[in-house]
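Notes to accompany the following structure.
The values are calculated or read from the model by the stated rules, or taken from the named source; none is laboratory data. Note that this is a predicted model, so its numbers are computed, not measured. Ideal geometry is used to build each Cβ from the backbone, glycine not excepted, and the neighbour counts take in all protein chains shown.
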Amino acid sequence: MGIQINGNTNNINAGIGSLSIEDLNELDIVGVATASNFKTGVSNLHSVGLTLSGGQLDVGSNIKIGNAGVVTATTFSGSGASLTNLNASNIASGTVPTARLGSGTASSSTFLAGDSTFKTVTGTTINNNADNRIITGSGTANTLEGEANFTFSGSKAIMKHGATTTVSDRGLMLQASSNLSAGDVLPGITLNPNTNVDRPRAGIAGVSNGGTSGMDLIFMTRYAADGSQLTSSDERLRITSAGQMVMGATTSKAKFEIKDNGYSSSTVLQRISGDDANPYALIIANDTCNTAAASGLQFFVSDTGEHYVRARASSTAGNNNLRLSAQNNVLLYSGSSETERLRITSGGELWVGTTSGVSNGGYGGISLNGNSGSLLSLMQNGTEYLRLFGDSNPAIQFAGVLRLFSGVSGGSAIWGISPNGTTTGANSVTFNLKSTIQHTVGVMAVSSSYNSGDLYIRIDNIYNLAGNAWWTFGLWIMSNQVVGTLAGHHSYMIHCVMTGLGSWSSVSANNIQGSGAAYVSVSQHGTNFVELKVDVHDSSRGPCTVLCNGGTFDPPRISFH
């Protein structure tokens, strides 16, 4: 139904005052109806705060109904059954009743489970609980154990256990998850200097030796500023399952071995040092005879720079020999250039100062060599008494009396030469230096008895200087022969005069007894020697004695053959 006033269906204007329409159930106005106030029942709508403004209906100051589907109010009450998509994050205060959270009874002994039901809390008992103890399972439901022997303070873990010979029963064990094959590595402990967990630079691991039968222990270190990992190729030390310690290799032929694995000549493989006066840096001993702590073969360097290799026995063993053995030569080097100074050859010869000494068909000899010659000095309590020179003019120098003994063990003195040149024989025969006797006494030599063949007499040290006047000296020859009986023997006494100019080439022989002068001739001669031949015409001869007063600068030397 509609009401038309003044023929205008779009406007009801009552003017100033009010227009009351009563007993009508509906007011249908097409267009806009305006009035200063609308009234329903006994209440004026404007009086109760119902206003329309800005496209929304305001009911008082707290309820707003907008045309975009948004309703705001200070408080909502009534049934919320039709409310959906409520955002729990917008619940800023208050308490949600436990009945709204899940089914079941909520209490101090229950908890809300994932299936939105309240369940009873089952209690867990920790036996032997105390500060810092590691908690482990007990094998019983809802029961744990506080390990009294395994604690962790936050920075230090301590595991205590008693002594046992079966070490695998206790301690920390790292076990493979499956059986290892030979060469497989079982990781152990790593040490990391970096906060990055992937940068360990030291560690200990096991390496399978023969599958599950044995295991080597390897120690690894690495120095790298990159992001590389620590691997078994960083191995520095290995203790094998056989108890061998190896560095630079994975196997060894000894209990301890250091192998040069790519080191340069300046790299030190092993260094043992000390700063005491005599630090026993290395001792190799045998407990059978080296029972004292410092006994055995000692290697050390004193604080004064002396380098020692010393063999020292303990108080209970007297054998402290030092043996140097080699299948070939033994060589000793010295000097800043480390030059060979001494060699003991495999044939037992001693060479000093030379690498090519004299070898004489199995004779053990000594060869001395130097830039100016060789020298052998023999001393007593630091005092030198005998010196042997080997050069282009070899010499013997001595102090006291130079003695010649017969026999190699003790023996008897047969000759002695005093510092003034006096030579004394075993039978009180004395020869003086020729310069002290002014050539007034001859020199005698006696040949051995019963030699066969002709007699050759050689006289040395009789100088005949070329270009000077004729030189001369004399000698006596006494020779006897015994032929079984006195019949048929001969007895010669011959006086010879030797002359020469530059060489002793002439002999004049005269018979004093017998007729042997005719059988004397010069066999060889030179500027400082002459050799005479006495043709005795016999198959054998007896003793022969020669007296000689010759010699120019030195006493003559007489020899026979």
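Just a few scattered comments:
- Apart from one condition, MET247 fits all of (1) modelled with pLDDT under 85; (2) closer than 29 Å to SER302 by Cβ; (3) not hydroxyl-bearing (Ser, Thr, Tyr); the exception is (1).
- Under the condition of being at pLDDT 85 or above and closer than 15 Å to ASP454 by Cβ, the residues counted in the stretch 525-545 number 4.
- Among (1) modelled with pLDDT of 90 or more; (2) closer than 28 Å to PRO419 by Cα - the single one VAL352 does not satisfy: (2)
- Yes/no for THR190 being in contact (Cβ under 8 Å) with a residue 40 or more places away in the chain and of a type in the set (Val, Ile, Thr): yes
- Residue ID - surrounded by the most Cβ atoms within 10 Å (Cβ to Cβ), chosen from residues in the stretch 120-138 that are more than 22 Å from ARG170 (Cα to Cα), modelled with pLDDT of 90 or more and of a type outside the set (A, V, I, L, M, F, W, C): THR125
- Hits in the stretch 157-175 (condition: among the hydroxyl-bearing types (Ser, Thr, Tyr) and surrounded by 13 or more Cβ atoms within 10 Å (Cβ to Cβ)): none
- Every residue from the stretch 270-286 that is within 22 Å of GLU257 (Cβ to Cβ) and over 21 Å from the mean Cα position of the chain (by Cα): ASN286
- Matching residues, the stretch 76-118, being hydroxyl-bearing (Ser, Thr, Tyr), loosely packed, with under 12 Cβ neighbours inside 10 Å and free of Cβ contacts under 8 Å to residues at least 12 places away in the same chain: SER77, SER79, SER82, THR84, SER89, SER93, THR95, SER107, SER108
- Candidate set from the stretch 493-524 (those that are over 15 Å from GLY474 (Cα atoms) and part of a strand (DSSP E or B)); member that is modelled with the lowest pLDDT: GLN513
- Residue count, the stretch 139-156 (criterion: assigned to a strand (DSSP E or B) and either loosely packed, with under 10 Cβ neighbours inside 10 Å or not polar (S, T, N, Q) (or both)): 7
- Within the stretch 213-229, residues that are under 9 Å from ARG199 (Cα atoms) have Cβ atoms under 8 Å from residues that are part of a loop (DSSP other than H, G, I, E, B) and acidic (Asp, Glu) in these pairs: GLY227/ASP198; GLN229/ASP198, counting only partners at least 6 apart in sequence or on another chain.
- Test: residue in the stretch 112-124 that is in a strand (DSSP E or B), in contact with a helix residue (DSSP H, G or I) (Cβ under 9 Å, 6 or more places away or on another chain) and over 30 Å from VAL246 (Cα atoms): yes
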